Amino acid sequence: MADGTTHFTRPDVAAFLAFLNSQEGPKMEELPPAGAREMFRAMTQMADSPRGEIATVEDRAIPGPAGEIPVRLYDTRPDRAIGPVMVFFHGGGWVIGDLDTHDGWCAEAARQLDMPVVAVDYRLAPEHPFPAAPEDCEAAARWVADNVPCSGLVLAGESAGGNLTIATALTLRDKPASKPVIAIHPIYPAVTTHNDWQSYRDFGEGHLLTEGSMTWFGDHYAADPADYRASPLDFPADGLPPTVLVTAGLDPLRDQGRAYAAKLVEAGVTTVYREGVGTIHGYINLSQAIPSAKNDIRGALTALKAIVAEATGTA
């Protein structure tokens, strides 16, 4: 580590990292975006848990600001009464990732929350740089509010999708959709464009998400640091809905996630903060390769379910 400190690593995380770091061939940031997307898809097919049993999985296309947006609906009950619906934004640095790379987590969230989940396949950079992704996510959230019978929205996403979760919540705070945002669940989110964090120095190499890949993602995405959707840490959090924010202990993004959780608390937002000690960025779709991730996922969704129940008066 950069500061000479030894950080606890779970045995299953250490085994996965040893396997990952022993692989030969080009790094993700050395590939063109199409190749990196294929590499990420192959890794999640190998490392994530399968979808499992679920009553409904339906692919659709909905209208967006620049054409149709693919979405995937998950539900455990075809005869569901009206209640909250989750809108999920996948991770992948705004450059990689799709409906398939996070398929297992979305199905698990639908089961554990007993709630429909709508996963959004927003436009990716560099073909569609900032702000294409947040524009699509806003449009998708508004479409769900208008077209899926529901009492409100729960926004969730990981990494880049965690950023998009917060960005969409901020947009809908100021310009509400037809249904309220009941809660949000940013999972190890990116909340700023600057990298002056101790966790970057400690975990920027050898922990899946690397400094090189983050630079590659950022260069392709070309976000405007002065825009709240790129750097929500620099903008007021007052009035955001109840939040379950999680980080990973060995993640370069850990410290900015901690900082955003503190910002939420200071703004008076009901906040649950969970840190996965000894695990890495990306664990929510690595739960077959890292079995302990299942406990992290379960714990976070349990907290989210309680927050939603409290917010909707169904506890």
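The values are calculated or read from the model by the stated rules, or taken from the named source; none is laboratory data. Here the structure is a predicted model, which is why all the values come from computation and not from measurement. Because the Cβ atoms are built from the backbone with ideal geometry, glycine has one as well, and the counts that use them run over all protein chains shown.
Numbers for the structure displayed
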{"read-out": "Meets criteria (within 17 Å of the chain's Cα centre (by Cα), of a type in the set (A, V, I, L, M, F, W, C), buried (at least 18 other Cβ atoms within 10 Å of the Cβ) and at pLDDT 95 or above) for residue 233", "value": "yes"}
{"read-out": "Filter result (in a strand (DSSP E or B) and of a type in the set (A, V, I, L, M)) within the stretch 81-90", "value": "85, 86, 87"}
{"read-out": "Of all residues in the stretch 155-193 being under 19 Å from the mean Cα position of the chain (by Cα) and in a loop (DSSP other than H, G, I, E, B), the one that is farthest from residue 243 (Cα to Cα)", "value": "193"}
{"read-out": "Every residue from the stretch 237-271 that is farther than 21 Å from residue 174 by Cβ, crowded, with 20+ Cβ neighbours inside 10 Å and not small (Gly, Ala, Ser)", "value": "244, 246, 247, 250, 251, 252, 253, 254, 256"}
{"read-out": "Residue identified as in contact with a strand residue (DSSP E or B) (Cβ under 7 Å, 6 or more places away or on another chain), assigned to a loop (DSSP other than H, G, I, E, B) and of a type outside the set (Phe, Trp, Tyr) among 26, 70, 78", "value": "78"}
{"read-out": "Scan of the stretch 1-10 for residues that are over 19 Å from residue 284 (Cβ atoms), at pLDDT 95 or above and either among the charged types (D, E, K, R) or not in a loop (DSSP other than H, G, I, E, B) (or both), ordered by number", "value": "none"}
{"read-out": "The stretch 61-92, subset in contact with an Asp or Glu (Cβ under 9 Å, 6 or more places away or on another chain) and of a type in the set (D, E, K, R), residue surrounded by the fewest Cβ atoms within 10 Å (Cβ to Cβ)", "value": "77"}
{"read-out": "Of all residues making up the stretch 7-38, the number that are in contact (Cβ under 8 Å) with a residue 24 or more places away in the chain and either surrounded by 15 or more Cβ atoms within 10 Å (Cβ to Cβ) or closer than 27 Å to residue 219 by Cβ (or both)", "value": "14"}
{"read-out": "Selection within the stretch 211-227 - surrounded by fewer than 19 Cβ atoms within 10 Å (Cβ to Cβ), within 16 Å of residue 133 (Cα to Cα) and among the aliphatic types (A, V, I, L, M)", "value": "222"}
{"read-out": "Test for residue 57: is it surrounded by 12 or more Cβ atoms within 10 Å (Cβ to Cβ) and either among the charged types (D, E, K, R) or within 26 Å of residue 198 (Cα to Cα) (or both)", "value": "no"}
{"read-out": "Contacts under 6 angstrom Cβ, first residue in the stretch 134-155 being over 11 Å from residue 169 (Cβ atoms), partner part of a loop (DSSP other than H, G, I, E, B) and among the hydroxyl-bearing types (Ser, Thr, Tyr), 6 or more apart", "value": "136/122; 145/178; 146/178"}
{"read-out": "Lone unmet requirement of (1) under 20 Å from residue 16 (Cα atoms); (2) out of contact with any Gly (no Cβ under 9 Å at 6 or more places or on another chain); (3) buried (at least 16 other Cβ atoms within 10 Å of the Cβ) for residue 206", "value": "(3)"}
{"read-out": "Options 167, 139; residue that is of a type outside the set (S, T, N, Q) and surrounded by fewer than 24 Cβ atoms within 10 Å (Cβ to Cβ)", "value": "139"}
{"read-out": "Lone qualifier among 251, 219, 196 - being closer than 24 Å to residue 7 by Cα, out of contact with any Ser or Thr (no Cβ under 8 Å at 6 or more places or on another chain) and not hydrophobic (A, V, I, L, M, F, W, C)", "value": "196"}
{"read-out": "Of the criteria (1) more than 19 Å from residue 186 (Cα to Cα); (2) surrounded by fewer than 24 Cβ atoms within 10 Å (Cβ to Cβ), which one residue 107 fails", "value": "(1)"}
{"read-out": "Count of residues meeting criterion [of a type in the set (D, E, K, R) and closer than 16 Å to residue 207 by Cα] in the stretch 229-274", "value": "3"}
